[in-house]
Amino acid sequence: MNSYLKEFRKKKGLKQQEMADVLQISYSHYVKLENDFVNPSFELLKRIKEKYKDFNVNRLFK
């Protein structure tokens, strides 16, 4: 999952802290998501999709 999330964040020109702020999660939780230490909750996936219509949720789980 981490490669797509990281790629998407960079495509948007955001730093990890900025992406965490947009998603309303802590910086440490965001870093754990990018590094595959935790999986996103359904609520977080919904939030990402609401903020970024072009985010491909399916690519997270390939």
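All of the numbers you see were taken from the coordinates with simple rules; none came from a lab. Small disclaimer: the values here were computed from a predicted structure and weren't measured. With ideal geometry, Cβ positions are generated from the backbone for all residues, glycine too; neighbour counts draw on all protein chains shown.
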| Among 52-61, 33-42, the order from most to least packed when residues are scored by Cβ within 10 Å on average | 33-42, 52-61
| message | Can you find, among 5, 42, 16, the residue sitting farthest towards the positive end of the charge dipole of the chain, where Lys and Arg contribute +1 and Asp and Glu -1 at Cβ? | response | 5
| message | For the stretch 10-55, what does the relative contact order come out to in percent, with C-alpha contacts under 8 Å and a separation of six or more? | response | 26
| task | Report the normalised scattering of the chain as log10 I(q)/I(0) at q = 0.15, 0.27, 0.29 Å⁻¹, calculated by the Debye formula with identical scatterers on the alpha carbons. | result | -0.37, -1.48, -1.79
